[in-house]
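The values are calculated or read from the model by the stated rules, or taken from the named source; none is laboratory data. Everything numeric here is computed off the predicted structure, so don't read it as measured data. Glycine also receives a Cβ, built like all others from the backbone with ideal geometry; neighbour counts cover every protein chain displayed.
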Amino acid sequence: MTTAQASHLGNAAFLFTQGRLSEAEHNCRLARIDAPHLADVYHLSSGIADQAGSHDEALAQIDRAIAIAGRNPIYPWQKGNLLYRLGRRHEAVAMYGRCIELTPYQAERWYDAGVALLPDDPDRAFLCLGRAALLNPDFPLAHQELGKLLQNVSQNEGALRRFRRALICQPDNPDSRNDLGKFHFERRAFAEAITHFRWAAILDPANPVALRNLALALQSLKSFEEAVSWYHRAAGLEPSDAEHPAALGNCLQIMGRLDEAEPYLLQAGKLAPSDAKIQYALAHRRKMRREDPEIATLEALIGTVSEDDLDNRSYLHFALAKAYEDIGERDKSFDQLLAANKARRALVEYDEEASRAKLQRIRSAFTKDFIRAHAGAGDKSEHPVFILGMPRSGSTLVEQILASHPAIFGAGELSDLTDLTDALGEARGALYPEFAELLSSEDFAALGKRYAAAQRARGPQAARVTDKAPGNFWMAGLIHLILPNAKIIHTRRDPVDTCLSCFSKLFNDVAFTYDLRELGRYWRLYDAMMAHWHDVLPNNAILDLQYEDLVRDLPGQARRLVDHCGLEWSEDCLAFHKTERPVNTASVLQVRRPIYQESVGRWRPAAEKLKPLIDGLAGE
C-alpha cells in the first residue's frame, strides 16, 4: 500500500469514528481509486453506507470485499451482521456458516449463527450455541442463550445451571442477573428473584426494564411501597414508555390509592392509545360514564385489530363489555363478553376430563375413615384462616371485612399451600391427592408447621392471617388434617350469578371460565367437592357463608365470621371499605365502597344466550 493509499484509508477511518460520514466516504472513494483491489477499503465503505442508512450500498460494498479477500472470515462475518440487523436471518445464517467453514474453532462465530437461528430453528440454534460453549466454556452469552432455550422447553434444572454458569463467567453482567431473576420469578420464588433483580439494578441503574422487573417482584411479595419507588425510578428513566406508568398505576390501584393511580393510567393511555392491555386497565379504573371518550376510543380501536390477534381482541372486548355494563347497555355488554370469552378460550388450555378425574381421586383418597385415622395429627396453630370457594363468590369481600379487624391480617390470594403440596409430591414421587396415603402423622404436622410459619411471618402481630385463594376448595380435607385448628370459610353465591360474574372477568390464571357450558359444569364439580368435604369432615370444620345473606345482613353475617375465627367483635369490620390494604383481585374497586346489592340477582341475558350455562349447570 502506498503512502497516499494509506493516508486516504486512514483519514476515512478517522472521520468515520467521528461520525463525519460524507467526508469519510469521500476519502474512501479516493482510496478505492488508488487501491481498487484492497478489501479493507470496501469493508470500510460498507460500514459508512450502513451508518448512513444506505443498506443496499453497504451490502454491495461488503460483497466486493468478500470477492477480493477470498478466505478472510472477517468480511462474510460483517455481511452476516448486516443481514441480521436487516431482519434477513436466513441469509445471515448462510454468511455465518461461511465464517465457520473458514474458522471452525472460533466460538463467537458459532454463537452468532445460533442467535440468528433462534426465532426459526431453535433446535439448530441449540446445537450452534452448545458448540460455542464447548469451544469457550467461559463464554457467558452462549450460556445465557442456552439457558433461555432450555427454559422454553421446561428443562429447568439445565436452564438454571446455564444461567449460573453465565454469572460465574461474568459476575458483573446485569443481563445474567436479570435472566436468573426472571427464572426464579416464573417459578414464584420471589425472594430469590428479588436478590438477582437488585443486583441487576445496582450493576445497571440506568436500565428501566431491570428496575421494573425488581418492582414487579417486590409487588409479588406484597412489598408495595418499595415497588412503587422502583416503578417511579423506571418511569423517570424512560418517560415515553407507557409500560412504566401502567405498572405504577396498577400497583397503586392494588394498594387502594385510587386517586393516585388514575393519572398514571391516563398517562399510559395517552402514551400508548392503541395498546389493548392499557386501554383495558383504563376501562377498569372506575365506573365509566356515557360521555367518557374512552368508550369511543375502544370502539374505534377494536376495528383496527386483526381477527387473528385473539389476545388483544379479548382485552378490548372485555373492556367494552365493562364500559357498556357501566352505562346500562347490558345486551351490548353481553355480546362483547361472548366475543371476549370466545377469543380467550382459543388461547388457553383447559382439560375438563382432568378436573372430573381430580374430583374422583380426591374423594377416593380423603374418605371419612382416612380423615378419622389422622384426626388431630397436624400442627396446632390457630393463626391460619382459609377463605375458599368459586371465584367471584364474595371471598374478597369476606377477607376485606375480616382484615378490617385489628387482630386479623389479610394476606390475599396465596400459593403457599399449592407450593408446599407440589414440593412434597415431588419429594415423595406422588402428587396430590395420591401422596396423602404415604404421609404419617408426623408428616401432616410438619406440613402444617411450615404453612403456619409462613403465615406468622406475614402477619407477625396478628392473631389470625387469612389466605383467600379460592382454589383451595380442592384441598379442604388436607387443610383440616395439617392444621386442625385452622378456620375454613366457604363463600357461596347463587350459581348463575357466580358463573356470569366469572364470565365477565379476564382472569390470567383461570382456564375454565371462558365457555359458558364448561363453566357451568365446573361449578357442578366444585359443588360436588364441597358436598364431599361436608360429608367427611367434622360438622364445625367449615363455615358456609352465603354471599346474598352477607349483602342483606352485613352486621349479622360479619359477626358470624368473626365468631368463627374465635375473636371478639370489632365495629371496624362494618367499615371495611375504609380499610387501606392491598387487594390484588378482580374485586379491587368493589371492596373500596360500602356494601351494595346490585350484584345480587344480577341482570341476565335472554334465555337463548344463557342456555349453554343453564345446560352446564344441569350437567349437560
Kindly provide the set of residues from the stretch 105-119 that are crowded, with 20+ Cβ neighbours inside 10 Å, within 31 Å of the chain's Cα centre (by Cα) and not small (Gly, Ala, Ser), ordered by number. Tyr111, Asp112, Val115, Leu117
Going through the stretch 275-308 in order, the residues found to be surrounded by 13 or more Cβ atoms within 10 Å (Cβ to Cβ), farther than 18 Å from Ile327 by Cα and over 19 Å from the mean Cα position of the chain (by Cα) are Leu301, Ile302, Val305
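Just to check your reading of the model, which residue among Ala60, Ala12 is in a helix (DSSP H, G or I) and free of Cβ contacts under 8 Å to residues at least 24 places away in the same chain?
Being in a helix (DSSP H, G or I) and free of Cβ contacts under 8 Å to residues at least 24 places away in the same chain holds for just one of Ala60, Ala12, which is Ala60.
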Matching residues, the stretch 470-492, being in a loop (DSSP other than H, G, I, E, B) and crowded, with 24+ Cβ neighbours inside 10 Å: Leu483, Ala486
Does Leu402 count as in contact with a Cys (Cβ under 9 Å, 6 or more places away or on another chain) and outside any loop (DSSP other than H, G, I, E, B)? yes
So, of the residues in the stretch 226-249 that are under 21 Å from Glu413 (Cβ atoms) and in contact (Cβ under 8 Å) with a residue 24 or more places away in the chain, which turns out to be surrounded by the fewest Cβ atoms within 10 Å (Cβ to Cβ)? Val228
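Yes/no per residue for (1) assigned to a loop (DSSP other than H, G, I, E, B); (2) crowded, with 19+ Cβ neighbours inside 10 Å; (3) among the small types (Gly, Ala, Ser):
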position: Gly376; (1), (2), (3): yes, no, yes
position: Glu382; (1), (2), (3): yes, no, no
position: Thr421; (1), (2), (3): no, yes, no
position: Leu431; (1), (2), (3): yes, no, no
position: Phe444; (1), (2), (3): no, yes, no
position: Ala457; (1), (2), (3): no, no, yes
With respect to the numbered conditions (1) surrounded by 14 or more Cβ atoms within 10 Å (Cβ to Cβ); (2) touching a residue at least 24 places away in the same chain (Cβ under 8 Å), which one is the sole condition not fulfilled by Ser7? (2)
Of those in the stretch 493-512 that are polar (S, T, N, Q) and more than 17 Å from the chain's Cα centre (by Cα), the residue surrounded by the most Cβ atoms within 10 Å (Cβ to Cβ) is Thr498
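Conditions tested, residue by residue: (1) at pLDDT 95 or above; (2) under 25 Å from the mean Cα position of the chain (by Cα); (3) not acidic (Asp, Glu).
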| residue | (1), (2), (3) |
| --- | --- |
| Val348 | no, yes, yes |
| Arg363 | yes, no, yes |
| Lys368 | yes, no, yes |
| Leu397 | no, yes, yes |
| Glu426 | no, yes, no |
| Ala430 | no, no, yes |
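Each row is one residue, and each column tells you yes or no for (1) of a type in the set (Asp, Glu); (2) out of contact with any strand residue (DSSP E or B) (no Cβ under 6 Å at 6 or more places or on another chain); (3) in the same structural domain as Leu431 (by TED's automatic domain parsing); (4) not in a helix (DSSP H, G or I).
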site: Glu299; (1), (2), (3), (4): yes, yes, no, no
site: Ala323; (1), (2), (3), (4): no, yes, no, no
site: Lys332; (1), (2), (3), (4): no, yes, no, no
site: Gln360; (1), (2), (3), (4): no, yes, yes, no
site: Ser364; (1), (2), (3), (4): no, yes, yes, no
Which pairs turn up if I take residues in the stretch 185-202 that are closer than 19 Å to Ala159 by Cβ and look for partners that are aromatic (Phe, Trp, Tyr) with beta carbon separation below 6 Å, at least 6 apart in sequence or on another chain? Ala193/Phe185
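Take Gly47 and decide whether it is in a loop (DSSP other than H, G, I, E, B), at pLDDT 85 or above and closer than 29 Å to Glu101 by Cβ.
Spelling it out, it is not the case that Gly47 is in a loop (DSSP other than H, G, I, E, B), at pLDDT 85 or above and closer than 29 Å to Glu101 by Cβ.
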One residue is enough: does the stretch 562-572 have a residue meeting the conditions modelled with pLDDT of 60 or more, within 32 Å of the chain's Cα centre (by Cα) and among the β-branched types (Val, Ile, Thr)? no
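Would you kindly identify the helices (runs of 4 or more DSSP H) lying entirely within the stretch 493-567 that contain at least 1 residues that are small (Gly, Ala, Ser)? Working first, answer last.
Values: elements: 495-503, 516-536, 547-552, 554-564.
Counting at least 1 such residues, we get 495-503, 516-536, 554-564.
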Looking at the stretch 486-511, I want the residues that are under 14 Å from Tyr526 (Cβ atoms) and have a partner that is assigned to a helix (DSSP H, G or I) and among the β-branched types (Val, Ile, Thr) with Cβ atoms under 6 Å, at least 6 apart or on another chain. Which pairs are those? Thr491/Val398
Only residues that are within 22 Å of the chain's Cα centre (by Cα) and surrounded by 20 or more Cβ atoms within 10 Å (Cβ to Cβ): list them for the stretch 309-346, please. Asn312, Arg313, Ser314, Tyr315, Leu316, His317, Phe318, Ala319, Ala340, Asn341, Ala343, Arg344
Of everything in the stretch 44-76 that's within 45 Å of the chain's Cα centre (by Cα) and crowded, with 22+ Cβ neighbours inside 10 Å, which residue is farthest from Gly19 (Cα to Cα)? Pro76
Counting just the residues of the stretch 172-192 that are at pLDDT 90 or above and not in a helix (DSSP H, G or I), which one comes out surrounded by the most Cβ atoms within 10 Å (Cβ to Cβ)? Asn173
